[in-house]
Amino acid sequence: MDRTRREFLYGSVVAGVAVTGCLGRETAPGPVAAAGDTQCAQCGMVAADQPGPAGQTVYGGDDEPTEFCSAVCTYRHRFRQAETDPRVTYLTDYSTVDYEVSGSPPVVSAHLDPAAFADANDLSLVVDAEVEGAMGPALVPFSATDDAEAFVNSHGGEVIDTGDVTRTLVSNL
């Protein structure tokens with residue numbers, strides 16, 4: 001084999017390994033529809049029976065998301081599992097659904113179809129609003145900051161980035 005061909009083959013193998021290393025990561029499974037009797041992995045409540053934002057987290061080599069009745073339970077569980085980084089966390093994206101706020105105390109409607117979920121890293125959260133979810137005080141996620149700000153104008157609270165959710169914040173809800 002001549003030197004040029006050998007260099008080309010070696011370069012092709014190196015490039016292939018590099019591309020596989022960058023692109024070959026397994027993509028996490030997408031969100032699933034909450035089944036009628038699926039219990040929240042954090043608190044045990046039936047997720048489909050609860051109002052407000054729901055969550056799903058895919059850990060390690062799991063093929064299916066772990067399901068939660070609320071964004072609050074989702075984060076409590078993630079902090080409890082601190083030694084295991086999730087591959088992805090999905091939360092209900094209230095920018096993509098027609099939600100309602102009703103009742104006394106006011107609760108925000110649940111949306112459990114897979115299309116209603118978005119990667120938590122792409123969302124802003126409303127905290128300290130006068131609206132509740134499954135666990136009482138809710139973390140209400142939005143992919144559009146304008147939608148989150150409109151929610152705050154109607155229901156109080158403040159908009160934070162998902163990266164600003166801390167163990168202390170969640171434990172105080």
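The per residue volume of the convex hull around the alpha-carbon atoms of region 33-173 is 98 Å³. Taking the Cα centre of region 32-173 as reference, the dipole from Cβ charges on Lys and Arg (+1) and Asp and Glu (-1) amounts to some 480 debye. ASP119 sits with roughly 40 Å² accessible to a 1.4 Å probe, with DNA, RNA and ligands left out of the calculation.
The values are calculated or read from the model by the stated rules, or taken from the named source; none is laboratory data. Please read all numbers here as calculations on a predicted model, not as lab measurements. Heads up, the Cβs are rebuilt from the backbone with ideal geometry, glycines too, and the neighbour counts pull from every protein chain shown. For accessibility, only protein heavy atoms count, side chains too; no ligands or nucleic acids. Shrake-Rupley method; radii C 1.70, N 1.55, O 1.52, S 1.80 Å.
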